[in-house]
Each structure stands twice: as C-alpha cells, then as structure tokens.
1. Keeping all protein chains in position, work out how much accessible area Asp173 exposes to a 1.4 Å probe, and write it in Å² to the nearest 10.
2. In the chain, what percentage of the DSSP-assigned beta bridges are antiparallel, given to the nearest 5?
3. Under the rule of at least 5 residues apart or a separate chain, name every residue whose amide H is placed under 5 Å from the amide H of Phe105.
4. Just add up the charged neighbours of Asp174: K/R +1, D/E -1, any other residue whose Cβ is under 15 Å from the Cβ of Asp174.
5. Can you give the Rg/Rh ratio of the stretch 20-69, where Rg is from the C-alpha atoms and Rh is the Kirkwood radius?
6. Give me the base-10 log of I(q)/I(0) for the stretch 122-180 at each q in 0.13, 0.20, 0.27 Å⁻¹, Debye formula, one uniform scatterer per Cα, rounded to two decimals.
7. Highest GNM mean-square fluctuation, the chain, Cα pairs closer than 10 Å: which of Pro172, Pro191, Pro49?
8. Would you check the accessible area of Arg152, probe 1.4 Å, heavy atoms only, in square angstrom rounded to 10?
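The values are calculated or read from the model by the stated rules, or taken from the named source; none is laboratory data. Just so you know, these numbers come straight off a predicted model, no measurement behind them. Positions of Cβ are generated from backbone atoms using ideal geometry, with glycine treated the same way; all protein chains shown enter the neighbour counts. SASA here: full protein model, heavy atoms, side chains in, ligands and nucleic acids out. Shrake-Rupley method; radii C 1.70, N 1.55, O 1.52, S 1.80 Å.
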Amino acid sequence: MSGTRYAGAEEYMPDETRRSLGTLRAALPACQGCDLYQDATQAVFGDGPARARVMLVGEQPGDREDREGAPFVGPAGRLLDRALAAAEIDRRDVYLTNAVKHFRFRRETPGGKRLHQAPTLSQMVACRPWLEAEVAAVDPHVVVALGATAARALMGRDFRLTAHRGEPLSSPDDGRMVVATVHPSAVLRAPDRAAALAGLVDDLRAVHAVIG
Ligand code: URA
Ligand code: SF4
C-alpha cells in the first residue's frame, strides 16, 4: 500500500563518481528498490541524445513500453511526437524518460488485460535516485514534467500542476529549470482532445522559447 516504505534504488546504482548514462543503464535491470520489478517485464531506462537540451519526464512505462523496453513507444508516445513537432522542438534535442522505471498495473481479470495504475508515493520516492542520476548525467537546460506524477517527483509532493502548468519553475533540488504540463495520455483521454493537445503544444512552445 502507499504507506509501505521501500529500501529504494540507491543500493543498486553505480558508485556516485561513475554515474554516466551507460553505467546507469547497465545497472538498472537489477534494481529491486521497490516491489514493482516483480510483475513488470523489464525496467525501462531513458532514451535520447546524451547531451539533449530538453529532458521530458513521464510517469512510468506503459504496456507497450514494458514489453519493448523503451520509453514512449506506444500511443502516448505518438501523441507526444505530434505535440513536439507542432511546438517545433527537434527530437534530436530531446531525452525521454520516466519518473518510475517499472510498469505498475492491475489485471482486468486474472490473466486479462493489464490496466495502468499510478505509482504510489513510496514507489516514486524509491525510484527517484534513477531520475536524479539521469538528470545529472544529461544535464539538460530544462526538464519537462509530463503530468502530475512527474511534476511531483521533480517539484515536491505538494506541487499543483493545474496552478503552475507552462510556467518556468526552479527545481528545489538543483535549481534547474522545470516546466510542468499535462501527460500525453491525459490528452488522449480528454473529452475535447483538440483543445487538450493545443494546451500541451502551448506549454511545449514555452519550452522551445527557452532553448531558442
Ligand atoms: N506514459 C509514460 O508516462 N511513459 C511512457 O514511457 C509511456 C507512457
Ligand atoms: Fe527499482 Fe524503480 Fe523498478 Fe522500483 S520501480 S524496482 S525503484 S527501478
């Protein structure tokens, strides 16, 4: 349950002095920092250029990402690609990752379809060292939180996405610029999808403006 405390990812990570994307990626599959490794297919590390100026952070891998082992390769990823293109952000400037590295789901019926479940706060806290190390290794100009889970992982648990979306914020950890926006899956579920997409694109344009 959400009150559970986990040992966390730290003990599975490479030594602090040697945390490159390569060593982090190599170490991630062995992580048992919380219970999510038990039912997922694999941990999903980030993807993109090591020197990307923009780092986009989602919530956790979805069903497709869990099976394929890469972030944003399913329907949410396709929507995100469209939004990035509309905001004129070059995919070569973008590193994609997630706040939590294993897929959390429940079964509709025993053996049935896997339905996404948001990670608990304890699972987010357990997994945070991977995200922090990725941010430090890529050292992007701006980190974009996609949705409330990523926004809370980056800005603190009391962060209100609806009050601050699209604003340039400062990370409480390292002062780096953070912009929070909606999750592409929320756009896919929105009653007015065109309006929701336009809102995501607007926020990504603000990101485009800061990287030039
Ligand atoms: N949703 C996410 O938050 N991340 C992914 O990688 C895919 C879907
Ligand atoms: Fe480790 Fe994160 Fe997976 Fe939990 S979700 S087992 S902390 S990689």
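1. 90 Å²
2. Approximately 30 percent, going by the DSSP bridge assignments.
3. Gln117
4. -2
5. Using only Cα positions, Rg/Rh for the stretch 20-69 is 0.97.
6. These q points yield log10 I(q)/I(0) values of -0.29, -0.70, -1.24.
7. Between Pro172, Pro191, Pro49, it is Pro191 that shows the largest mean-square fluctuation.
8. 90 Å²
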